[in-house]
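Engineer: Quick one: structure below, then a few questions.
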Amino acid sequence: MTIESGRIRIFDTTLRDGEQSPGATMNLQEKIRLARQLETLGVDIMEAGFPASSQGDFEAVQAIARAVRGVEVAGLCRAMPADIDRAWDAVKVAESPRIHTFLATSPVHMQYKLRKEPDQVVEMAVAAVRHAAKYTSNVEFSAEDASRSNPDFLVRVFEAVINAGATTINVPDTVGYAQPEEFGRLIRYVIENTPNSHKAVFSVHCHNDLGMGVANTLAALKAGARQAEVTISGIGERAGNASLEEIVMALHTRRDFYQLDCGVVTEQLFPTCRLLSMIIGQPIPPNKAIVGANAFAHESGIHQDGMLKNRETYEIMTPESIGKTKTDLVIGKHSGRNAVKNKLEELGYRLEEDQLVTVFEAVKKLADKKKQIYDEDIEALVLEEVYRLPDLYRLVNLSVQCSDTGMPPTAAVVMDVMGEVKRAAGFGVGPVDAIFNVIGEMVGRAPVLERYSVTAITGGTDAQGEVTVRLRQNGSSAVGRGSDPDIILASARAYVNALNRLAKKEEEQEKEGI
Ligand code: KIV
Ligand code: ZN
């Protein structure tokens, strides 16, 4: 692809780099659900995982490769034959598979991490790409820590790997060190000085340690890069990666400046960010660019007045353009199964018949407690009822008592603990503390509660509360979420969900001998 072509390829790495971010672990069903949404969003390539890193990752990449169509599926691997073989085994079932291999090129990485001389690094990179190219012509090579590498050494490596068969060359700002002007210069330099650069697509992958991920990516696109590696909501290692929605909307809103296009369906941006937030149990911050709750809220009198006179006074893009339409009232107490099915399809869920029955029953139950059921309520139910792990622990019943007579809050809980129904009661400093204490005792665990947050899924006093908890025990952490109009019940569900995830994680680590 030449620089003259103004088409940017969007490479989403939410399922790989994003999943590496603290607390963003997803189970297999959740990964597949997100992958399908990325397909609907219209990304060009999705990086589904790092197959050699664990059996779980291998299986997830393979399942995603089978599940999606019309999008390339990449598997990450180190520049080593065994890793490359594993990546290929996982992605080869995809309609359009890609092998993405990487090797560090900066002095500090080569000397201390790889313990290799530059000549050896070139040799290793070439051997890796040759090995990958035996499987597919769709091979990406990443020069890890490129922004701290010698530009002429990068040119040498790139020329060699393109000759060996690499068709995409990625220039990562691995540690988020670059500054936009400087990074743009680097991209232009390597493209202009790599003799065979016209045979490859140049890509960038920017981390956000100094808050420059998006700015660096845009500067690189302006300088000639034609692939942007990004994540939904900017999740990723440490401070995260450049955020997909910010890059896409910058290109879209400032087409006059960039003169670049991409194939993302902008109306799917908000639904995708919302889905990710629900899956990983991390609320979207209100001031998050593009998709935060305040991104289109106008509070000051002067702004409101301007908006009433002409929206363009303070609005550079519309909520509709990112898919943030007014939440429709959709389903109520008397809605039938077909109405729920249609709604689910409209929201992008393709469910099996038994899953549909489960969701329909949950919708009916919720409709007894809550008059108006919104799209977000239905999504919360689907995630809770369908995309969850086979549970070791299940909440059966719960009752809590609080009074101001000096009696501490009391919780009585009935749980199914690995097939055995148990009953217990206990105290706490507050109702949530009482529930967590009792549940912890019943399952024989005392994890540290690292985070507890409640948000309302929709407006209204009968809104469902969405509770997120993060637990840590024996070096592992897990996020759980639960929703219900009763936030005490939502808290108990979130706690049990996190305990199940913790148990599952420990089981996987044991299986893999970690
Ligand atoms: O940040 C990085 O350098 C990476 C590479 C593996 C592309 O994630
Ligand atoms: Zn990265």
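The values are calculated or read from the model by the stated rules, or taken from the named source; none is laboratory data. Since we're looking at a predicted model, the values are computed, not measured. FYI the Cβ positions are ideal-geometry reconstructions off the backbone, even for glycines, and counts take in every protein chain you see. Ligands, DNA and RNA are stripped out before the accessible areas are found, and what is left, the full protein with its side chains, is counted by its heavy atoms. Shrake-Rupley method; radii C 1.70, N 1.55, O 1.52, S 1.80 Å.
Yes/no matrix, rows are residues, columns are (1) surrounded by fewer than 22 Cβ atoms within 10 Å (Cβ to Cβ); (2) in the same structural domain as A178 (by TED's automatic domain parsing); (3) within 16 Å of ligand 1 (Cβ to nearest atom); (4) modelled with pLDDT under 95:
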position: G213; (1), (2), (3), (4): no, yes, yes, no
position: L218; (1), (2), (3), (4): no, yes, no, no
position: K222; (1), (2), (3), (4): yes, yes, no, no
position: Q227; (1), (2), (3), (4): no, yes, yes, no
position: I232; (1), (2), (3), (4): no, yes, yes, no
position: I235; (1), (2), (3), (4): no, yes, yes, no
position: E245; (1), (2), (3), (4): no, yes, no, no
position: T253; (1), (2), (3), (4): yes, yes, no, no
position: F257; (1), (2), (3), (4): yes, yes, no, no
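Engineer: Something else now. Test of understanding: among N170, N163, N216, which residue is in a helix (DSSP H, G or I), within 30 Å of E117 (Cβ to Cβ) and within 16 Å of ligand 2 (Cβ to nearest atom)?
Structural biologist: Numbers: N170 fails: in a helix (DSSP H, G or I); N163 fails: within 16 Å of ligand 2 (Cβ to nearest atom).
Criteria check complete, one pass: N216.
Engineer: Just the residues that are surrounded by fewer than 17 Cβ atoms within 10 Å (Cβ to Cβ) and among the basic types (K, R), please, taken from segment 83-102.
Structural biologist: If the condition is that a residue be surrounded by fewer than 17 Cβ atoms within 10 Å (Cβ to Cβ) and among the basic types (K, R), then K92 is the only one that fits.
Engineer: Of everything in segment 94-113, what is in a helix (DSSP H, G or I) and within 14 Å of ligand 2 (Cβ to nearest atom)? Give them in sequence order. Reasoning before the result, please.
Structural biologist: Pass one, segment 94-113, residues in a helix (DSSP H, G or I): 107-113.
Within segment 94-113, just H109 meets the criteria.
Engineer: Inspect all residues belonging to segment 6-19 and state whether any of them is within 16 Å of ligand 2 (Cβ to nearest atom), among the hydroxyl-bearing types (S, T, Y), at pLDDT 95 or above and under 30 Å from A478 (Cα atoms).
Structural biologist: Yes, segment 6-19 has at least one match.
Engineer: Here's something else I'd like to know. Residues of segment 59-82 being open to solvent by 10 Å² or more (accessible area, probe 1.4 Å) and not aliphatic (A, V, I, L, M), which ones?
Structural biologist: The answer is E59, Q62, R66, R69, G70, E72, R78, P81.
Engineer: Just to be sure I understand, how many residues within segment 193-213 are in a helix (DSSP H, G or I) and either under 19 Å from E47 (Cα atoms) or within 14 Å of ligand 2 (Cβ to nearest atom) (or both)?
Structural biologist: If we filter segment 193-213 for residues that are in a helix (DSSP H, G or I), which is where we start, we get 193, 197-199, 213.
Going one step further and asking which of them are either under 19 Å from E47 (Cα atoms) or within 14 Å of ligand 2 (Cβ to nearest atom) (or both), we end up with 213.
Matching residues across segment 193-213 total 1.
Engineer: Cβ contacts < 7 Å: first residue more than 19 Å from Q37 (Cα to Cα), restricted to segment 269-294; second residue among the acidic types (D, E), any location; separation 6+ or different chain. Result?
Structural biologist: A289/E246
Engineer: Follow-up. Determine the pairs where a residue that is more than 15 Å from G332 (Cβ to Cβ), located within segment 375-386, has a partner that is at pLDDT 85 or above and in a helix (DSSP H, G or I) with Cβ atoms under 6 Å apart, the partner being 6 or more residues away or on another chain.
Structural biologist: Every condition considered, the pairs that remain are V382/V359; E385/T358; E385/V359; E385/A362; V386/Q355.
Engineer: A further question on this structure: Any residue in segment 298-313 that's closer than 18 Å to N287 by Cβ: show its pairings with residues that are among the β-branched types (V, I, T) at Cβ separation under 9 Å, as long as the two are six or more apart or on different chains.
Structural biologist: Pairs found: H303/T313.
Engineer: Taking the stated definitions as given, is T40 part of a loop (DSSP other than H, G, I, E, B), assigned by TED's automatic domain parsing to the domain that holds N241 and either closer than 14 Å to L276 by Cα or of a type in the set (S, T, Y) (or both)? Don't jump to the end; show me each part of the working.
Structural biologist: Numbers: part of a loop (DSSP other than H, G, I, E, B): no; assigned by TED's automatic domain parsing to the domain that holds N241: yes; either closer than 14 Å to L276 by Cα or of a type in the set (S, T, Y) (or both): yes.
Judged against the criteria, T40 is not a match.
Engineer: Mind listing whichever residues of segment 460-477 are touching a residue at least 24 places away in the same chain (Cβ under 8 Å) and out of contact with any Lys or Arg (no Cβ under 9 Å at 6 or more places or on another chain)?
Structural biologist: Selection gives G465, R472, N474.
Engineer: Among the residues of segment 230-274 satisfying the criterion of being charged (D, E, K, R) and assigned to a helix (DSSP H, G or I), which is farthest from the chain's Cα centre (by Cα)?
Structural biologist: Here is the first cut: in segment 230-274, the ones charged (D, E, K, R) are 237-238, 245-246, 254-256, 261, 267, 274.
Keeping just the survivors that are assigned to a helix (DSSP H, G or I) gives 245-246, 255-256, 267, 274.
Values: E245: 12, E246: 15, R255: 27, D256: 30, E267: 18, R274: 10 Å.
Of everything passing the filter in segment 230-274, D256 is farthest from the chain's Cα centre (by Cα).
Engineer: Residues of segment 411-448 being surrounded by fewer than 16 Cβ atoms within 10 Å (Cβ to Cβ) and assigned to a helix (DSSP H, G or I), which ones?
Structural biologist: Of everything in segment 411-448, just one residue is surrounded by fewer than 16 Cβ atoms within 10 Å (Cβ to Cβ) and assigned to a helix (DSSP H, G or I), namely E441.
Engineer: Is it true that some residue in segment 470-486 is open to solvent by 50 Å² or more (accessible area, probe 1.4 Å) and farther than 20 Å from Y393 by Cα?
Structural biologist: Checking segment 470-486: at least one residue is open to solvent by 50 Å² or more (accessible area, probe 1.4 Å) and farther than 20 Å from Y393 by Cα.
Engineer: Of the conditions (1) farther than 28 Å from V126 by Cα; (2) open to solvent by less than 10 Å² (accessible area, probe 1.4 Å); (3) of a type in the set (G, A, S); (4) touching a Ser or Thr at 6+ places or on another chain (Cβ under 8 Å), A35 clears all except one; give me its number.
Structural biologist: Failing condition for A35: (4).
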